[in-house]
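Each remark here refers to the structure printed beneath this line.
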Amino acid sequence: MRALPFLLVGCSLWPLAAHAGETRCWFEAGVVVVPAEVMGVSGDFVLDTGEPHTLLAETQAQGAGFAETSLRGPVRVGGLTLADRPVQVAVLDARLRNLPTPVAGVLGADLLAGKILDVSFAPCRVAIYAAGHAPRFGRAIAAPLAWRGGRPVTTAAVSDGPRAFAADFVLSTGSDTPVRLRDDLADAPGSKAREPLYPFGPARPRLRALSLAGDLFEEPPSGLVAKTELDAAGEIGAPVLAAYRLRFDFARGRLQLAKRKSPPDRSDGP
């Protein structure tokens with residue numbers, strides 16, 4: 001008779017397991033990397049809230065026998081299985097070349113709609129919850145979270161000294177640049193060519209300041225992003241987001257930011 005309460009408690013845990021996934025991650029080369037499985041391909045994947053699509057590297061797709069560029073199948077991360085997800089095959093060499101180890105692809109924001117994503121940078125951990133199943137986050141600053149062009153955005157402000165403006169910025173855990181501005185809103189005087197200012201380029205001119213959730217980031221390295229690529233004014237990358245422990249509550253349209261007490265250790269790993 002005494003075994004019955006234990007059996008009931010044990011059974012009650014099974015539904016919870018189906019609603020959450022948690023895993024260690026790496027914060028290297030300015031991006032968040034997690035172990036995952038996409039279309040049966042296991043490996044390390046960049047977790048990028050600023051990428052609207054989940055991507056499988058072309059070499060990985062070919063090695064798994066996929067000839068198509070548009071696929072559909074399961075994505076598994078942290079013990080959570082997301083069934084029948086769209087996956088695009090893409091050449092990712094430029095995007096992944098700064099990472100010290102091979103990466104199989106990118107987990108995009110399309111996996112997160114309607115869910116809750118927690119990201120901690122030191123130690124690096126990622127958790128994904130179904131709406132209503134996340135634990136209490138704790139004391140944090142709250143900000144509105146919306147979607148633009150399949151990407152999450154919140155309001156931030158930037159300044160070049162004489163001028164400043166506030167607008168919606170994409171939040172990108174997969175961008176290695178602290179802040180990028182849309183190229184019809186900004187320029188870098190003195191640059192001989194604009195191409196190095198764009199994503200994956202080497203140029204990082206400094207912006208006077210970025211303000212996010214009431215915190216001021218002075219002289220952050222910056223860059224440009226093409227107007228045709230972004231519906232927002234720019235994007236805020238992982239080097240800035242790493243100042244916080246984050247909750248992206250996509251289910252309720254709310255961003256929570258708990259300020260870290262110390263900078264993240266970029267060597268954190270499993």
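Here, each number is a calculation from the coordinates, and none is a lab measurement. Treat the numbers as computed from the prediction; the structure is a model and nothing was measured. Methodologically, a virtual Cβ is constructed for each residue, glycine included, from the backbone with ideal geometry; neighbour enumeration extends over all protein chains shown.
I need the phi-derived Karplus couplings for segment 85-91: 6.51 cos²θ - 1.76 cosθ + 1.60, θ = phi - 60°, integer Hz, Gly and Pro marked x.
Each residue of segment 85-91 in turn: 9, x, 9, 9, 8, 8, 7 Hz.
Let's test this: bin the Cα-Cα distances of segment 141-259 at 5 Å from zero up to the farthest pair and state each bin's percent.
All Cα pairs, binned at 5 Å, distribute as 2, 12, 23, 27, 19, 11, 4, 1, 0 percent.
Hey, can you grab everything whose amide H is under 5 Å from the amide H of Thr49? Only 5+ residues off in sequence or another chain; H modelled, so Pro and N-termini drop out.
Thr173, Gly174
What ranking, highest mean first, results for peptides 167-174, 245-252, 89-96 when packing means the other Cβ atoms within 10 Å averaged over each residue? Kindly include the intermediate steps, with their values, before the conclusion.
On the way: 167-174: 24.6, 245-252: 19.4, 89-96: 16.2.
With the highest mean Cβ count within 10 Å placed first, the list reads 167-174, 245-252, 89-96.
Fewest first, what order do Trp147, Trp26 take by the number of other Cβ atoms within 10 Å?
Working: Trp147 15, Trp26 22.
Fewest-to-most Cβ neighbours within 10 Å comes out as Trp147, Trp26.
Using Cα pairs under 8 angstrom and six or more residues apart, how large is the relative contact order of segment 21-130, in percent? Write out the running numbers ahead of the final one.
Numbers: 233 pairs, mean separation 38.1, N = 110.
Relative contact order of segment 21-130: 35 percent.
Given a Förster radius of 22 Å and the C-beta distance between Asp231 and Ala142 as r, what FRET efficiency does 1/(1 + (r/R0)^6) yield to the nearest 0.05?
Details: r = 23 Å, r/R0 = 1.06.
With a Förster radius of 22 Å, E is 0.40.
Let me know the Kirkwood hydrodynamic radius for the chain, please, with Cα pairs as the basis and the value in Å to one decimal.
On the way: mean 1/r = 0.0515 Å⁻¹.
By the Kirkwood definition, the hydrodynamic radius is 19.4 Å.
Summing Lys, Arg as +1 and Asp, Glu as -1, what charge do residues with Cβ under 9 Å from the Cβ of Leu117 carry, Leu117 excluded?
Working: positive: Lys115, Arg247; negative: Asp118, Asp249.
Here the count lands on 0.
Nearest 20 debye, what's the magnitude of the dipole of the chain about its Cα centre given +1 on Lys and Arg Cβ and -1 on Asp and Glu Cβ? Can you show the working numbers first?
Numbers: 30 positive and 28 negative charges, 183 e Å.
It works out to roughly 880 debye.
Just going by the charge dipole of segment 21-130, with Lys and Arg at +1 and Asp and Glu at -1 on Cβ, which of Thr23, Ala64, Pro52 is farthest out on the positive end?
Among Thr23, Ala64, Pro52, the one farthest towards the positive end of the dipole of segment 21-130 is Thr23.
Once you keep just the Cα pairs under 8 angstrom separated by 6 or more residues, what percentage relative contact order results for the chain? Don't skip to the answer; put the middle values down first.
Details: 631 pairs, mean separation 61.2, N = 270.
Computed over the chain, the figure is 23 percent.
Mind checking the dipole of segment 132-191: about its Cα centre, +1 per Lys or Arg Cβ, -1 per Asp or Glu Cβ, Debye to the nearest 20? Please report the intermediate quantities before stating the final value.
On the way: 7 positive and 6 negative charges, 83 e Å.
Its charge dipole is roughly 400 debye.
What is the dipole size for segment 16-109, taken about its Cα centre, with +1 at each Lys and Arg Cβ and -1 at each Asp and Glu Cβ, in debye to the nearest 20? Working shown, then result.
Details: 6 positive and 10 negative charges, 15 e Å.
That gives segment 16-109 a dipole magnitude of about 80 debye.
Just report the Cα centroid separation between segment 24-80 and segment 155-205, whole Å.
The two parts, judged by their Cα centres, are 27 Å apart.
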